[in-house]
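Only the coordinates and a few stated rules stand behind these numbers; no lab work does. All of these numbers come straight from a predicted model, not from anything done at the bench. Cβ coordinates were reconstructed from backbone atoms using ideal geometry, including for glycine residues, and neighbour counts include every protein chain displayed.
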Amino acid sequence: MGATKRFSELIIQNFDRLSKKTEQGQVFCAVRFGNVLGSSGSVVPIFKEQIAQGGPITVTHPEVTRYFMSIHEAVELVIQAGSLAEGGDLFLLDMGEPVKIVDLARNMISLAGLKEKTDLESDGDIEIAFIGLRPGEKLHEELLIGADGAKGTLHPKILKAQEPYVSEAD
């Protein structure tokens, strides 16, 4: 997880702590998304366009993995988090196992009725080009920080992260 996203979560937790000192006592919580399929900047529409143009599909590294969720799941997470929140909570969706981006690219080539072009399959249609990790990009996403993990909620697919708050003194 990037530092900016984590810092934003800490700000929300601090807003919640400060709101408890007022008469309004609003409840603040945050949600942590995986990659939302079909959203702007999502890899799926990028790969679709690259396939439509005849390739190559660009993947940063053959071992890169990411977690994915649908737009519907993202909306559901936000709505459910609002009803589950007690204050300062951080919710995330159980997205199962991470997906290798190169496998996603290969599946999309196949679903388009095409074949991957490789050194061994030179008569294939679409090449996958590995372009290298971008600065700051990680091979594998980390949805949770530290060893405390997450615990279940009343919703079977929504987890509550057990991550430390930053105290007012910090």
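Can you give the FRET efficiency for Lys20 and Leu120, using 1/(1 + (r/R0)^6), R0 = 41 Å, r = Cβ-Cβ distance, to the nearest 0.05? The partial results should precede the final answer.
Values: r = 62 Å, r/R0 = 1.52.
Taking R0 as 41 Å, the efficiency between Lys20 and Leu120 is 0.10.
Check which residues have an amide H placed less than 5 Å from Phe68's amide H, if you skip close sequence neighbours.
Asn35, Val99
In 10 Å bins starting at 0, how do the alpha-carbon pair distances of the range 17-141 split up by percent?
So the P(r) values, bin by bin, are 12, 32, 26, 16, 9, 4, 1, 0.
How long is the gain from Ser39 to Lys138 if the chain were fully straight, where each residue apart is worth 0.36 nm and the alpha carbon distance is subtracted?
My answer for the length gained is 33.6 nm.
What's the magnitude of the charge dipole for the chain around its Cα centre, counting Lys and Arg as +1 and Asp and Glu as -1 at the beta-carbon? Answer in Debye, nearest 20.
Taking the Cα centre of the chain as origin, the dipole is about 300 debye.
So how do 152-158, 114-120 stack up, highest first, on mean other-Cβ count within 10 Å?
Listed from highest to lowest mean packing, they are 152-158, 114-120.
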